[in-house]
Structure formats: C-alpha cells, structure tokens
Amino acid sequence: MTITSKVSREGTMTTRKSSKKYKTNDICSKFDISRATLFRWESEGLLSGVERDWRGWRVYNEGNLRSIEKIMKNKSAG
C-alpha cells in the first residue's frame, strides 16, 4: 500500500492511501489458476469486492489477494 500526501491550495495536508491494483492475468499468473476459476469464485460469492475499471474489466486489490489466498488454503485443506 502506498500513502501519498498532498498540500492543498489552502495549505492543509491531505493523506490518501492507495493500494496496488492487479489485472486478471496478473492474478492468474501469481496463483497459477485459470480465468474461469477466478471468475467462478466471484460468481459463487467466494470472492467479493472486485472492482471494475472504466471498461468493465475486473481490477483486484490487496484485499482480494488475501481472499484468494484464503480460498486456496481452504481448498487444499479440504
């Protein structure tokens, strides 16, 4: 997660947290899973909170990565 600070025109400082964003292919490569599996987990409700960009493409964040790790851990323990 990156924290950025900015000074406004009025001289006040604002801080904004921005987390890294990942594309579907990034997630599939990182976890060695197919797009179909990833999308199925989302449709089954196992993976929630997946954002969409202006084109409607899925954009994953750090929270989604943690959820995927949990899903995979539960599936392997199953």
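Every number in this text was worked out from the coordinates using simple rules, so none of it is lab data. Fair warning: this is a prediction, and the values are worked out from it, not measured in the lab. Ideal geometry is used to build each Cβ from the backbone, glycine not excepted, and the neighbour counts take in all protein chains shown.
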Pair list, Cβ under 9 Å, 6 or more apart: the stretch 45-57 residue under 17 Å from S19 (Cα atoms), other residue aromatic (F, W, Y): V50/Y60; E51/Y60
If a residue must be of a type outside the set (K, R), farther than 15 Å from R52 by Cα and part of a helix (DSSP H, G or I), how many such residues does the stretch 27-37 contain? 5
Flagged in the stretch 38-50 as under 14 Å from the mean Cα position of the chain (by Cα) and outside any loop (DSSP other than H, G, I, E, B), in numbering order, are L38, F39, W41, E42
Look through the stretch 51-78, keep the residues that are touching a Ser or Thr at 6+ places or on another chain (Cβ under 8 Å) and not in a helix (DSSP H, G or I), and return whichever of them is surrounded by the fewest Cβ atoms within 10 Å (Cβ to Cβ). W57
Identify all residues within the stretch 38-50 that are at negative phi and either exposed (fewer than 12 other Cβ atoms within 10 Å of the Cβ) or of a type in the set (S, T, N, Q) (or both); write none if there are none. S43, E44, S48
